[in-house]
Amino acid sequence: MVTEFQEYLVKSNLSQTTIKAYVVAVKYYLKNYENVSANNLLAYKGYLLEHFKPQTVNLRIQAVNKYLEFLESASLKMKFVRVQQKDFLENVISDADYKFLKCKLKEDGLDEWYFLVWFLGATGARISELIQIKAEHVVAGYLDIYSKGGKMRRLYIPYNLRLEAQEWLQSKNIYSGYIFLNRFGKRITARGVGQQLKHFAELYGINRDVVYPHSFRHRFAKNFLDKLNDLALLADLMGHESIETTRIYLRRTANEQKEIVDRVVDW
């Protein structure tokens, strides 16, 4: 049954990562509960709430709900748990640290990492999207990304970054193919990027907690709204299905809130 479910997910145009997560969750349920029933589903949800964070709980619930759709038992679908949103952004690299990191990488001749950080911060790319960028995309100035359901999002490469990146690639005689490679000449992995960024954080004395791939996507969004207060456009650029998801970037980071309070409150 799990094999058939996996085939059903593939036909739904879900990503391989999502399919893998859904299958793992359903395998666990089937191993630990005798059958699919309202009582067993309630017990499973209780187990999730006791052992996992709300975001993980909702991912597992989504997986089992998808399985229920596959079984044509949608009436048994579980409700998601409410995730309490914080009124501030956590662990987002500051604009000063972002620029400092770029500067140090360039000074030390670490061109590939200098451009990798710049691409992350200037395009708002997810790490899974960044490692898909090819020399041809740099020349064109954009990369078209197709997500689940066949939706297309265009990832733009800003003019200044495009010009400098082309000069860098030409100096390395790279005119086609992926631009971010590991020491073996293979496309770099998301894990490899994450580990190396932590190394640079320690090397340059930047808080490790704010130096990770998705942090630069957050920085792109914050900087974009500071320059152009167009939430709808940002939602499109980020690939958010709902503009409500994008609204979080109207909030201050915890450090920004603290600095404002320290400056303003004098009573």
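Remarks
- Residue in the stretch 28-48 that is of a type in the set (Val, Ile, Thr), assigned to a helix (DSSP H, G or I) and open to solvent by 40 Å² or more (accessible area, probe 1.4 Å) present: no
- Within the option set Ile188, Ile260, being among the aliphatic types (A, V, I, L, M) and free of Cβ contacts under 8 Å to residues at least 40 places away in the same chain holds for one residue only, Ile260.
- Residues considered: Gly46, Gly109. Of these, the only one that is on the phi > 0 side of the Ramachandran plot and out of contact with any Lys or Arg (no Cβ under 8 Å at 6 or more places or on another chain) is Gly109.
- Residue match in the stretch 149-161 (condition: open to solvent by 20 Å² or more (accessible area, probe 1.4 Å), within 28 Å of Asn255 (Cα to Cα) and touching a residue at least 40 places away in the same chain (Cβ under 8 Å)): no
- Selection count, the stretch 98-109, where residues are under 19 Å from His218 (Cβ atoms) and open to solvent by less than 50 Å² (accessible area, probe 1.4 Å): 3
- The stretch 206-249, residues that are polar (S, T, N, Q), open to solvent by 10 Å² or more (accessible area, probe 1.4 Å) and part of a helix (DSSP H, G or I): Asn223, Thr245
- Scope the stretch 132-148; condition surrounded by fewer than 12 Cβ atoms within 10 Å (Cβ to Cβ) and either in contact (Cβ under 8 Å) with a residue 40 or more places away in the chain or touching a His at 6+ places or on another chain (Cβ under 7 Å) (or both); matching residues: Lys148
- Looking only at residues in the stretch 175-193 that are in contact with a helix residue (DSSP H, G or I) (Cβ under 7 Å, 6 or more places away or on another chain) and over 19 Å from Lys106 (Cα atoms), the one that is least open to solvent (accessible area, probe 1.4 Å) is Gly177.
- Here Glu129 fulfils each of the conditions (1) charged (D, E, K, R); (2) at pLDDT 95 or above; (3) crowded, with 16+ Cβ neighbours inside 10 Å apart from (2).
- Hits in the stretch 80-116 - residues which are outside any helix (DSSP H, G or I) and at pLDDT 90 or above: Ile93, Ser94, Asp108, Gly109, Leu110
- Scope the stretch 250-264; condition among the β-branched types (Val, Ile, Thr) and either touching a helix residue (DSSP H, G or I) at 6+ places or on another chain (Cβ under 7 Å) or open to solvent by 60 Å² or more (accessible area, probe 1.4 Å) (or both); matching residues: Val261, Val264
The values are calculated or read from the model by the stated rules, or taken from the named source; none is laboratory data. These numbers come from a predicted model, not from an experiment. Don't worry about glycine lacking a Cβ; one is built from the backbone with ideal geometry, like all the others, and counts go over all protein chains shown. In case anyone asks, the SASA skips ligands and DNA or RNA and just uses the protein heavy atoms, side chains included. Shrake-Rupley method; radii C 1.70, N 1.55, O 1.52, S 1.80 Å.
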